[in-house]
Amino acid sequence: HHIRMQVIVDGQYIDFSKEAFQETYEKGICSGDLTETPIHFHDNLDQFVHIHWANISGGQVLKYYGLNEIGGPDDIMGYQTNIEGSFWPKSLEIRGNVLPDLIDNQKLWVYIGDEENYVSKNASEFLDQDLETFFGVQSSLTKARESAWQNILSPVQTLAHGGYINDTPKQVQNTDSQISEQTVELSQEELEDINDLLGNVVIFIQANEPSDQEIRERFDNLVPLQQSVCGG
């Protein structure tokens, strides 16, 4: 699943499209290499966070890029114990120290919403809760798993990396990652569905609470959702 995340540190916007945050992979196809890491940005897209592992929290997203507000070693996310053919657990290192640490009296001010409305959230909830719980939204995969016992042959509602929307044959991506000329124009709801978007979060890192205007400016600048999130 995915979230759109913006981080502003003392008025300085963090651009996640920069190379320090980006994950490279073989272009033109949906590469399985991407799922080897829990969290990433790719295709030079700002804001758009790809979450490939279950139960990832907002705090883990920040820690993966160097801002550790959840404890543990600063350079290690944790340990994998399900490595095939290996008896010993494997440490999972962070992506890099590319987000600044909190200094002086800085704190996290967290908001979720969209162009229409936003609400303030407790920073500890973002840091500690898995993202589905935090946003109060189930990913399409979670929904599909929960409904599988009712009808094992029922189609998955969405395919985040190309395929069909719900059970209607709307083709959204060719294998060469180019959008088909025959692709239908999708509504915002359909785009959120196919991107398996849990929500949008804006995080200000500063001493004082941001103004309403500062917050609204961020939600007015959400990157547009694309018809496919694999290959950009």
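Structure notes:
- Were the residues from residue 142 through residue 212 laid out at 0.36 nm apart, the gain over their Cα-Cα distance would be 21.8 nm.
- Extension reserve of the residue 76-residue 124 stretch, reckoned as 0.36 nm per residue once the Cα distance is removed: 15.2 nm
- Leading residue at positive end of dipole, segment 7-118 (Cβ point charges), from 72, 52, 118: 72
- Computing FRET efficiency as 1/(1 + (r/R0)^6) for residue 187 and residue 20, where r is the C-beta to C-beta distance and R0 is 22 Å, gives about 0.05.
- Taking amide hydrogens as placed 1.01 Å from N in the peptide plane, the amide H of residue 7 sits under 5 Å from those of 14, 203, each at least 5 positions away in sequence or on another chain.
- Protection proxy ranking of 105-113, 209-217, 80-88 - average other beta-carbon atoms within 10 Å, highest first: 105-113, 209-217, 80-88
- Sequence-distant contacts, meaning Cα pairs under 8 Å at least 6 residues apart, place the relative contact order of segment 17-138 at 21 percent.
- Virtual spin-label span in nm between residue 54 and residue 93, 7 Å along Cα→Cβ: 2.8
- Surrounding net charge for residue 95, when Lys and Arg each add one and Asp and Glu each subtract one, Cβ distance under 10 Å: -1
Rule-based calculations on the coordinates, nothing more; no lab input. Model, not experiment: these values are computed from the prediction. In this analysis, Cβ positions are derived from the backbone assuming ideal geometry, glycine residues included, and neighbour counts consider all displayed protein chains.
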